[in-house]
Amino acid sequence: DRQLTLKVKQHPERARAYSGGLNEKGDRRPLDPPPIAQLLLTSKRTGKPCMDLLHNPYYMCYASLWHEDRDEEVTSEQDNGRGRALLTGTLVTSMARLKDVNNVDGAYFPFVNLVVMVEGTFRIMFTVFEIGGGVVHCRGKVCTAPFTSYGKAFPGVSESTALCRVFADQGVRLRVRKEPKLRRSKPAKQKVSQEEDVETPKVSLKRRRSAPSPIGTGSHERTGPVEPSTTSDPTAILRPVLFFSTFIWVLEHPSAKSSTIFQIACSFLAIGIRFESGYLQSR
């Protein structure tokens, strides 16, 4: 007097083909949006849903990759002739009691981590099994609508659906996106003619600095304002030290006024004082 029905609650629309091997790291993007199957138990007499199904922990669902135009599973002839499934990720999930967008309880099988390994157009086949008395029974099958698995031309993932948001709030591990994440296209190089776009020459803001005048001249020509700097003249530090040492020597040897060395030192000191005064005025 009861009828068990399996239907697709949410169909996938696109996929990114995974180019790496089973044990290799790569761009493993799951189906978008995640496919979700729903199991319904209704009364044949009244047509109303039976809530006893929500408390049964022995239902599980298996997902497989099928061709678009024929009822046959997609496999790859590798590993010494043995077929290898081209759908990876979490292929088996148990039933979960969840509320939909209308706040109604239901039995769902969310597949949040299905990755397609090849490009093309495919379908996902859901098969529900029930374990009872040590025996596994097949209770129903259903296929999704065809979707496309892209390679490098993958357009990007879309915004999360309302059903995904509701399930994520209830603890299902789903990636919730508030906005679509589209693929960024590289802008084409555009040739701009001289009549359409004329580049403005860059103006250097560096101040021009003139070279220091030779020692002994009283004037210093400049081509622009120059900030005071002691590093522009390498003798700026040595001259005061030399003049100061000569001045100290003259004070310490007053008895040597008649000597030639004393006269030379005094002359050198006088020339130095005159030069320094002119140099400071020019700065």
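The values are calculated or read from the model by the stated rules, or taken from the named source; none is laboratory data. Keep in mind that this is a model prediction, so the values were computed, not measured. For neighbour counting, all protein chains shown are included, and Cβ atoms are generated from backbone atoms with ideal geometry for every residue, glycine included. The accessibility values were calculated without ligands, DNA or RNA, using every heavy atom of the protein model including side chains. Shrake-Rupley method; radii C 1.70, N 1.55, O 1.52, S 1.80 Å.
How much of residue 5 can a 1.4 Å solvent probe reach, expressed as accessible area in Å² and rounded to 10?
Only protein atoms counted, so the area is about 50 Å².
Keeping every protein chain in place, order 105, 1, 52 by accessible area at 1.4 Å, biggest value first, i.e. largest first.
Values: 105 50, 1 140, 52 90 Å².
Most to least solvent-accessible, the answer reads 1, 52, 105.
Assuming R0 = 22 Å, can you tell me the calculated FRET efficiency for the pair residue 2 and residue 129, based on Cβ-Cβ distance, to the nearest 0.05? Present the calculation step by step, with values, prior to reporting the outcome.
On the way: r = 18 Å, r/R0 = 0.80.
Computed FRET efficiency for residue 2 and residue 129: 0.80.
Students often get this wrong, so check it: of 48/141; 141/178; 44/178, which have C-alpha atoms separated by over 30 Å?
On the way: 48/141 21 Å; 141/178 33 Å; 44/178 41 Å.
Check vs 30 Å cut-off fails for 141/178; 44/178.
Which value results for Rg/Rh of the range 32-128 when Rg is the Cα radius of gyration and Rh the Kirkwood radius based on the inverse mean 1/r?
Values: Rg = 16.4 Å, Rh = 15.4 Å.
Over the Cα atoms of the range 32-128, Rg/Rh equals 1.06.
Give the dimensionless ratio obtained when the Cα radius of gyration of the range 130-171 is divided by 2.2 N^0.38 Å.
On the way: Rg = 17.6 Å, N = 42, 2.2 N^0.38 = 9.1 Å.
That ratio works out to 1.93.
Grab the beta carbon distance between residue 136 and residue 101, set R0 = 25 Å, and tell me the FRET efficiency rounded to 0.05.
Numbers: r = 33 Å, r/R0 = 1.30.
The formula returns an efficiency of 0.15 here.
Could you order 143, 61 so the one with the most accessible surface comes first? Probe is 1.4 Å.
Details: 143 35, 61 0 Å².
Final ranking, largest accessible area leading: 143, 61.
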